[in-house]
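One structure below.
Readers should treat all values here as calculations from the given coordinates under stated rules, not as data from a laboratory. The structure displayed is predicted, hence computed values, not measured ones. Every residue, glycine as well, gets a Cβ built from its backbone with ideal geometry; the counts of neighbours run over all protein chains shown.
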Amino acid sequence: MSLPNHGANPQHVYNSLGITPPCRIIDFSENVNPLGPPDSIQSAWNNFQKFMKVYPDPVGEPFRTKIAQYHNISPDSIFVSNGASEVFSLLAEKYMGKQAILIHPTFSEYGATLKARHVEIVNLKMPNIVTGELPIADMKEHMHHADVLYLCTPNNPTGTLPKRSVIRELIQYAKISNCDIVLDEAFIDFISEEASFISDIDSAHVIIVRSMTKMYAMPGLRLGYMAAAPHIVEEIQRLAPHWNVNRLAAEVGSLVLNDETFRKKAIQHSLKTCKDMTAFLKAQGCEVTQSQANFLLFKLPQLNKGFFPYFLRKGIVLRHTENFRELDGQWFRIGMKSEAQMEILKRELTAWFEAH
Ligand SMILES: Cc1ncc(COP(=O)(O)O)c(C=O)c1O
């Protein structure tokens, strides 16, 4: 059986490799904020039960209005979704039979959803995985023929974020070449709203995708959104199932957006743990990406097929990279967890490096 294509759900990794899971498992393969979910959800939970009995709002209210206020944009520019994943499925339908550009390594769902809708994919490669440099000249050349360019900002799995001036240049080029640009900002909350390009949606070529999963630690609830020009929002809304977002998710989403203190703490934690882990891995001779997100990607100094299963047996689940194009399986991604969990990881890594 092959390894699962996504992080999280660690039991599938153990099953696929035939390894018995130990009693204690720490899942570093997913990138959900370890400080969440915010306490406000717990306090309001009983109040939310009444929403089970009513049909949800068809456009995801009250979340849509709340998110519009949060970004200071019109509600007509927002499509509320069942996680960012739903947006990618619907975008693939929008571009059915057309051509899309992907820059690898990147989130595998872009390719998976586009292929399912027979979108022709132009696969380009980052010239430098550590810095996350983009192949700008190649991208521009292909943008003349393609209908859409997908960019993950910051990028999963490298955590790298192109310079603002580079993204701005690509947005301008999108106009010239009549090629849409989809910016997946699922992890931008861990940097700052100032890094977002949501204020650029006036341009009919810019589509922003956001997720509530990572920062607010609510992967089970399923909530995300797309911000774009109103005519694109209408088009995507028509493709979506009716009542695509459950009311509980819409209520919880509206509540947690108020929690500025929670976000600030999460950013500080992510910055600190990522910096510490980067320094630790570099001291062991690993290559480490210049991540700005709440995860990083590293490569062992020497190939070792036993590394990943060794850590699984220790109850430490890293994100393998077998299904990422342009990574050779010797890169591993680590999602930042609590300080205590990061210490356990460092201890086990130290033991490994001493023995190899
Ligand atoms: C880069 C990226 N975009 C989007 C998603 C999907 O997020 P959601 O849980 O909101 O569907 C993920 C999930 O791992 C992701 O890594």
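Observations on the model:
- DSSP finds beta bridges in the stretch 54-256, and of those with both partners inside it, around 35 percent are antiparallel.
- Based on C-alpha pairs under 8 angstrom that are at least 6 apart in sequence, the stretch 78-231 has a relative contact order of 26 percent.
- Calculated FRET efficiency for the pair R325/K140, C-beta based, R₀ 22 Å, to 0.05: 0.60
- Prolate/oblate/rounded call for the stretch 54-256, Cα gyration tensor, a/c under 1.5 rounded: prolate
- Dipole magnitude of the chain about its Cα centre (Cβ charges: Lys, Arg +1; Asp, Glu -1), debye to nearest 20: 800
- Ranked list, fewest to most other Cβ atoms within 10 Å of each Cβ, for Y70, Y14, Y95: Y70, Y14, Y95
- Inter-part distance where the stretch 187-255 and the stretch 82-98 are each reduced to a Cα centre, Å: 13
- The chain: C-alpha gyration tensor shape, a/c 1.5 cut-off, then a/b vs b/c: oblate
- Structure-based [θ]222 nm, the chain - -39500 (n - 2.57) summed over DSSP H runs of at least 4, per residue, nearest 500: -12000 deg cm²/dmol
- Burial ordering of L90, L17, fewest other beta-carbon atoms within 10 Å first: L17, L90
- Whole-Hz couplings from phi, Karplus 6.51/-1.76/1.60, listed for the stretch 185-202; x for Gly and Pro: 9, 4, 10, 5, 4, 7, 10, 4, 4, 5, 7, 6, 10, 5, 6, 8, 6, 4
- Over 24 Å (Cα to Cα) - which of K125/K264; K282/K346; K163/K214; K140/K282 fall in this group: K125/K264; K140/K282
- Beta bridges by DSSP in the chain, antiparallel share as percent, to the nearest 5: 45
- Close amide H contacts of C286 (hydrogens built in the peptide plane, cut-off under 5 Å, sequence separation of 5 or more or a different chain): none are found.
- For S108, S192, order by how many other beta-carbon atoms lie within 10 Å, fewest first: S192, S108
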